[in-house]
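Here the structure comes first, spelled out in structure tokens, and everything after it is commentary.
Quick note: the coordinates plus some simple rules give every number you see, no bench work behind them. Values in this document were obtained by computation on a predicted structure and should not be read as measured data. Here the Cβ positions follow ideal geometry from the backbone for every residue, glycine too, while neighbour counts run over all protein chains shown.
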Amino acid sequence: MPLPTSPSSRLARTASAAAALLSACSGGGAAPTPGEVAILEFRALRSDYLLGESARLRVRYQGGSGRVEPGVGAVGPVSVVDTPPLRVANSFELIVDSGTTEERRRVDIGARYRERLRSVPMGFHVTQHATLPTVDGGALVIAGDQGLSILGYEVFRFDVGTLSFRPFAQLAFGREQHCALRLDDDTVLVVGGLLSLNRADTPSEVIDERTRTVTRSGSLVRNRTGHTATRLADGRVLVLGGSSTDRIEPDVRASAELWDRVSGTFRLLTASMSRPRVGHTATLLSDGRVLVFGGDGRAGHLPVAELFDPATESFVALPDPEPDLRTLHVAVSVGDGAVWLLGGADAQRDPRSDALRFDPATRAFATLPPLRVARSEVVAATLADGRVLVTGGLIDAVGTPTKAVEIVDQNGNARTIDAMQFERRGHTITRLAGGEMLIVGGERSGGVLVETAEILD
């Protein structure tokens with residue numbers, strides 16, 4: 001027979017049960033003492049997102065006040081919040097602070113490309129221009145051929161917030177087939193090309209994004225078009241090859257020049273490339289050297305490749321990876337430090353689909369799977385996820401442009417995706433801050449210039 005319970009023991013059991021219930025309702029565990037904080041949960045509600053979507057985050061914490069960075073702000077102890085539009089790679093951090101104690105937890109969220117193309121009006125048309133990303137995530141479109149033999153002076157800025165192009169600055173000289181490269185966070189160097197004024201020299205110009213001003217910065221020792229310009233690890237700029245700007249009988253050049261940022265001048269190097277080159281590529285490697293590959297020249301096409309060493313300002317020829325000429329191809333640096341060489345044209349100007357991989361560590365070339373579409377004047381760029389986007393170019397020896405687009409995965413395997421709205425040659429691709437790819441300008445069949453841009457997201 002059970003013993004009768006006293007009123008005091010019944011009261012104790014009731015208080016104990018109430019305390020257990022309160023603990024369960026608070027998510028388990030004792031409430032933090034004053035000044036202590038605890039993050040109980042911080043995670044995304046889904047595991048799969050698309051580029052440009054917002055992720056939904058679940059937040060639970062105890063003690064203090066919380067905020068999620070970047071782009072979200074203050075959050076309550078139990079809340080569900082939306083992030084800003086996602087890039088390909090994203091990190092968000094929950095910070096809970098009581099004034100005396102702080103706790104942090106991070107969540108990483110990836111987003112996939114939709115692999116869709118959207119048309120964006122430009123309000124102008126241009127080809128053989130240059131495009132670079134801006135410091136705030138947009139893009140600059142610099143000069144180029146505006147049709148009817150008019151070479152543009154204008155620099156336009158693409159705004160990612162409004163998806164619009166606006167006038168930004170003006171060069172002193174209209175030009176096409178020039179090179180443009182970023183010097184630091186705020187300035188861009190414009191080098192060479194065909195100029196609108198008949199000059200013996202080819203002045204270079206520097207665009208300052210902060211002040212929207214353009215200043216002269218030395219002239220090339222040899223005028224050039226179809227050349228390359230590569231920023232070296234020490235900040236100097238290497239200019240290689242190209243042809244003279246004589247429109248009647250241009251000479252293909254083997255010479256090299258270095259531009260010095262401090263003096264703002266060009267210096268012709270004593271050493272030259274092993275042969276003249278135009279339509280070649282020059283790619284900075286992780287060790288500071290530059291891979292020079294392919295290109296046409298009146299003195300033959302061998303050696304195919306050579307390395308430039310900035311320390312000695314000299315060139316060393318590499319064993320020939322292929323017997324045939326390759327020009328008007330594209331070179332792309334990929335995540336493992338290798339360089340991919342895609343497409344191009346042979347000696348008869350027939351387009352090529354084959355591809356090579358250069359390994360800087362071994363100085364060896366290997367064969368990659370071919371592109372789906374043989375093309376010359378290839379325009380390509382690396383996506384934020386490490387794959388390579390290949391667009392437009394010419395699909396025959398008579399100069400027919402294509403609207404075909406393909407994506408090459410990290411193993412070199414290509415597959416086609418939906419085509420661009422128009423065929424394009426002489427266009428550019430720029431990766432925006434969010435990972436979207438901006439395709440600008442170019443020329444359609446019959447020499448018609450394209451008046452729209454396209455964005456791949």
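If you wrap a convex hull around the alpha carbons of the chain, what volume per residue comes out, as a whole number of Å³?
204 Å³
Regarding the stretch 36-110, what whole-number volume in Å³ per residue does the convex hull of its Cα atoms give?
67 Å³
With +1 assigned to the C-beta of every Lys and Arg and -1 to the C-beta of every Asp and Glu, and no other charges, what is the dipole magnitude of the chain about the Cα centre in debye, to the nearest 20?
Roughly 840 debye, rounded to the nearest 20.
Under the Kirkwood approximation for Rh and a Cα-based Rg, what ratio Rg/Rh is obtained for the stretch 247-329?
Details: Rg = 13.4 Å, Rh = 13.6 Å.
Taking Rh as the inverse mean 1/r over Cα pairs, Rg/Rh reads 0.98.
Using only Cα atoms, tell me the angle between helix 7-25 and the longest principal axis of the chain; keep it within 0 to 90° and round to the nearest 10.
For helix 7-25, the angle is close to 10 degrees.
How much FRET efficiency would the formula 1/(1 + (r/R0)^6) give for residue 69 and residue 116, where r is the Cβ-Cβ distance and R0 is 22 Å, rounded to 0.05?
After rounding, the FRET efficiency stands at 0.15.
Which trypsin sites (Lys or Arg not before Pro) from the stretch 174-258 combine a DSSP loop assignment with at most 14 other Cβ atoms within 10 Å?
Listed in order of number, the matching sites are 199, 210, 212, 247.
Any idea what the relative contact order of the chain is, in percent, if you count C-alpha pairs under 8 Å spaced at least 6 apart?
Normalised by residue count, the contact order of the chain is 10 percent.
Computed FRET efficiency, Cβ-Cβ of residue 418 and residue 170, R0 41 Å: what is it to the nearest 0.05? Mind showing how you got there, number by number?
Numbers: r = 36 Å, r/R0 = 0.89.
Taking R0 as 41 Å, the efficiency between residue 418 and residue 170 is 0.65.
Multiplying the sequence separation of residue 78 and residue 91 by 0.36 nm and subtracting their Cα-Cα distance, what value in nm do you get?
Residue separation times 0.36 nm, minus the Cα-Cα distance, leaves 2.6 nm.
Between residue 397 and residue 336, what FRET efficiency comes out of the Förster formula 1/(1 + (r/R0)^6) with R0 = 30 Å and r the beta carbon distance, rounded to 0.05?
In this case the efficiency is close to 0.30.
Taking amide H positions as placed 1.01 Å from N in the peptide plane, with prolines and chain starts having none, which residues 5 or more places from residue 219, or on another chain, fall under 5 Å of its amide H?
204, 266
Run the dipole for the stretch 36-110 about the Cα centre, Lys and Arg Cβ at +1, Asp and Glu Cβ at -1, nothing else charged, and hand back the magnitude in debye, nearest 20.
Value, rounded to 20: 180 debye.
Got a sec? Charge dipole of the chain, +1 on Cβ for Lys and Arg, -1 for Asp and Glu; which of 100, 330, 295 is way out at the positive end?
The Cα lying farthest towards the positive end belongs to 100.
Between residue 353 and residue 236, what length comes free when the chain is fully extended (0.36 nm per residue of separation minus the Cα-Cα distance, one decimal in nm)? Could you put the intermediate results ahead of the total?
Details: separation 117, 0.36 × 117 = 42.12 nm, distance 3.39 nm.
Net length gain for the segment: 38.7 nm.
Among 126, 74, 88, whose Cα projects farthest towards the positive end of the dipole of the stretch 56-131, with charges put on the beta-carbon of Lys, Arg (+1) and Asp, Glu (-1)?
So the residue we want is 126.
Considering Cα pairs under 8 angstrom that are at least six residues apart, work out the relative contact order of the stretch 36-110 and quote it in whole percent.
Reported as a whole number, the value is 35 percent.
When a/c reaches 1.5 or more, the comparison of a/b and b/c decides; with that in mind, is the stretch 263-389 rounded, prolate or oblate per its Cα gyration tensor?
Oblate, since a/c reaches 1.5 and b/c is not below a/b.
Modelled label-to-label distance, residue 215 and residue 298, 7 Å Cα→beta-carbon offset: nm?
Going from the residue 215 label point to the residue 298 one covers 3.9 nm.
Need the full-extension length gain, residue 246 to residue 411, defined as separation in residues times 0.36 nm minus the C-alpha distance. One decimal, nm.
Taking 0.36 nm per residue and subtracting the Cα distance, the gain is 55.1 nm.
Tell me the mean residue ellipticity at 222 nm calculated for the chain from its helices only (DSSP H runs of n ≥ 4, each -39500 (n - 2.57), averaged over every residue, nearest 500).
Details: 1 runs with 19 residues, N = 457.
So the helix-based figure for the chain works out to -1500 deg cm²/dmol.
Could you list which residues have their amide H under 5 Å from that of residue 75, counting only those 5 or more apart in sequence or on another chain, with H placed in the peptide plane?
Under 5 Å from the amide H of residue 75 lie the amide H atoms of 66, 67, 68, each far enough along the sequence or on another chain.
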